[in-house]
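The values are calculated or read from the model by the stated rules, or taken from the named source; none is laboratory data. Owing to the predicted nature of the structure, the values given are computational and were not obtained by experimental measurement. Here Cβ is always computed from backbone atoms with ideal geometry, including for glycine, and neighbour counts include all displayed protein chains. Side chains included, ligands, DNA and RNA excluded: accessible areas come from the protein's heavy atoms. Shrake-Rupley method; radii C 1.70, N 1.55, O 1.52, S 1.80 Å.
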Amino acid sequence: MRPAASPSALRVQAILGDEFEVLEFDASTRTAADAASAIGCTVAQIAKSMIFRTTTDGRSVLVITSGSNRVDPAKVASLIGAPITRADAKFVLDMTGFAIGGVSPVGHKCEPLTLI
């Protein structure tokens, strides 16, 4: 583990400020299981950021959930009043500025509708 150095990590660090320390890992943190292993905690203690896309207007929807949970798209659609679909890699990168597997809950290029 090392202090933030990549452009994405530095962007998140700038948003969070000096009260927090963004760290990068040598081991993969692409999945919740990978992140839990790298940090030394349970998968349930990981907060994962899932990006969806509304099918009506193409808006980005961020769902932050425990790493041990699966997101039910029908429930999310019901909560926001619009149908959604899983976002593809291009949409995620275009809307957030982050690649799938490394989506931060903050610092997105386009502000998403957020559910926690």
Give the residues of the stretch 30-53 whose amide nitrogen is closer than 17 Å to a point set 7 Å from the Cα of Asp88 in the direction of its Cβ.
51-53
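With the full set of protein chains in place, find how many percent of the accessible area of the stretch 1-44 is carbon and sulfur; take the probe as 1.4 Å. Intermediate values should be presented prior to the final figure.
Details: 1740 of 3040 Å².
On the stretch 1-44, the fraction of accessible area on carbon and sulfur atoms equals 57 percent.
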Taking K and R as +1 and D and E as -1, what net charge do the other residues with C-beta under 12 Å from the C-beta of Asn69 add up to?
+2
SASA check, Arg11, accessible area w/ 1.4 Å probe, all protein chains in place, rounded to nearest 10 Å², comes out at 80 Å²
Straight-line reach check, Lys109, cutoff 20 Å on alpha carbons, 8 or more apart in-chain or any other chain, hits among lysines -> Lys48, Lys90
Accessible area of the chain divided out per residue, in Å², using a probe of 1.4 angstrom
61 Å²
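Count charges around Thr96 for me, please; just the other residues with Cβ under 13 Å from its Cβ, Lys/Arg as +1, Asp/Glu as -1. Provide the component values of the computation, followed by the final result.
Details: positive: Arg11, Arg53, Arg59, Lys90, Lys109; negative: Asp88, Asp94, Glu111.
My count for the surroundings of Thr96 gives +2.
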Which of the aspartates and glutamates could be linked to Lys75 by a straight reach, that is with a Cα gap under 19 Å, when you skip same-chain ones fewer than 8 residues away?
Asp57
Where the accessible area of the stretch 53-116 is counted over protein heavy atoms with a 1.4 Å probe, how much of it, in %, is carbon and sulfur?
55 percent
